[in-house]
Amino acid sequence: MADPAGTEQAAFEPSAIEWQQATCYLNGEWTALTEAKVSVLDRGFIFGDGIYEVIAVDTVDDLRAPFRARQHFARLQRSLDMVRIDNPFSVEHWLNLIAEAIERHPWTRQLVYVQVTRGVAKRDHPFPAGAVPTVFVNTSPWPAIPVEQIEQGVSAVTHADERWLHCDIKSTSLLGNVLMKQYAIDNGASETVMLRDGFLTEGSSTNVSVVKSGVISMPPQTVQILPGITVDGIAHIAQQHGVEVDMRPIAAAELRAADEIWLSSSGREMLAIVSLDGVGVGSGKPGPMYRSMHAWFQQAKALDAQQWAAERAGHLSITRTTQRAA
């Protein structure tokens with residue numbers, strides 16, 4: 001595994017800090033992560049009544065930038081709307097907030113965590129009148145994805161999808177996912193691929209795609225699956241390169257007969273599953289489509305970083321102009 005404090009980060013981190021030394025944003029204030037406090041009556045703590053996002057930040061061509069940040073905040077808005085929590089900020093405010101979180105920390109690779117809960121109230125199931133959403137943002141170092149995982153792939157096991165029927169909401173209530181992730185660990189695997197009524201849904205913390213005869217297939221976006229930002233980016237990138245992408249139900253038999261199987265998420269980007277329930281997938285190695293897609297994905301990150309840098313430069317220019325006018 002690549003050393004997250006090694007040569008890749010040395011140029012940017014003359015004095016790297018540990019994740020516990022981070023600064024976080026909580027309800028309008030920046031404070032030391034270890035000193036941040038939330039009421040025990042916060043509904044996020046009591047009920048898991050909240051929404052979250054995780055945004056990957058990488059340094060590409062000396063540009064440190066989040067990947068597909070606007071898409072993440074569009075999904076945040078969708079999830080908040082579905083559970084009827086008011087979004088406390090505009091997209092631009094959120095972007096400025098995570099930009100500050102990133103700049104406050106030296107790490108070249110970061111995972112920014114954003115959480116909004118319904119707020120603090122006496123414990124009772126109905127929505128409390130007048131509750132103010134609790135807003136929390138923090139970032140932590142994101143270790144490099146191990147080269148051996150990229151080049152050799154990972155293993156997965158399958159399990160029945162026993163979660164609730166609104167997996168399309170990015171809720172902080174993740175016990176079902178936690179149990180499935182632990183199931184993978186207990187069985188010596190990297191991920192659990194879930195099946196519901198004989199059809200593929202997703203992984204415990206990833207989306208899952210299959211490749212057969214050069215066509216990439218992904219389960220359709222329903223209440224059973226989180227609309228993944230990374231897998232959506234993969235579909236878009238593939239189509240830009242002339243690869244056919246088919247969103248449709250994928251039966252368990254088709255999953256097991258796939259030429260290639262991929263998992264994808266913000267923190268793991270995209271990895272090939274080369275063993276499923278102890279049986280080799282395709283050749284037992286990351287396939288040719290995966291290798292092409294992985295390279296295209298890195299190119300897309302570079303373009304996204306350039307766009308982020310241009311947007312931030314424009315924002316700073318507008319801010320300075322406004323300050324001079326004031």
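In segment 154-179, which residues are open to solvent by 30 Å² or more (accessible area, probe 1.4 Å) and part of a strand (DSSP E or B)? Answer for segment 154-179, where residues must be open to solvent by 30 Å² or more (accessible area, probe 1.4 Å) and part of a strand (DSSP E or B): SER155, HIS159, ALA160.
Here PHE47 meets each of (1) buried (at least 17 other Cβ atoms within 10 Å of the Cβ); (2) of a type in the set (Phe, Trp, Tyr); (3) over 15 Å from the mean Cα position of the chain (by Cα) with one exception, condition (1). The residue that is surrounded by the fewest Cβ atoms within 10 Å (Cβ to Cβ), counting only those in segment 187-206 that are of a type in the set (Val, Ile, Thr) and in a strand (DSSP E or B), is THR201.
Apart from one condition, THR158 fits all of (1) under 22 Å from LEU271 (Cβ atoms); (2) free of Cβ contacts under 8 Å to residues at least 60 places away in the same chain; the exception is (2).
Would you check if GLU191 is more than 25 Å from LEU80 (Cα to Cα) and in contact (Cβ under 8 Å) with a residue 24 or more places away in the chain? Yes: the conditions hold for GLU191.
For LEU271, the conditions (1) free of Cβ contacts under 8 Å to residues at least 60 places away in the same chain; (2) open to solvent by less than 10 Å² (accessible area, probe 1.4 Å) are fulfilled apart from (1). Of the residues making up segment 208-227, one or more are among the β-branched types (Val, Ile, Thr), surrounded by fewer than 20 Cβ atoms within 10 Å (Cβ to Cβ) and more than 20 Å from HIS166 (Cα to Cα). Being open to solvent by less than 30 Å² (accessible area, probe 1.4 Å), at pLDDT 95 or above and among the small types (Gly, Ala, Ser): is that true of SER264 here? The answer is yes for SER264. Checked against (1) open to solvent by 30 Å² or more (accessible area, probe 1.4 Å); (2) more than 23 Å from the chain's Cα centre (by Cα); (3) of a type outside the set (S, T, N, Q), VAL281 passes all but condition (1). Of the residues contained in segment 275-296, none is found to be touching a residue at least 24 places away in the same chain (Cβ under 8 Å), in a helix (DSSP H, G or I), touching a Leu at 6+ places or on another chain (Cβ under 7 Å) and not hydroxyl-bearing (Ser, Thr, Tyr).
The values are calculated or read from the model by the stated rules, or taken from the named source; none is laboratory data. All values reported here derive from a predicted model rather than from experimental measurement. No Cβ is skipped: glycine too gets one built from the backbone with ideal geometry, and neighbour counts run over all protein chains shown. Areas reflect the complete protein model, heavy atoms only, side chains present, ligands, DNA and RNA absent. Shrake-Rupley method; radii C 1.70, N 1.55, O 1.52, S 1.80 Å.
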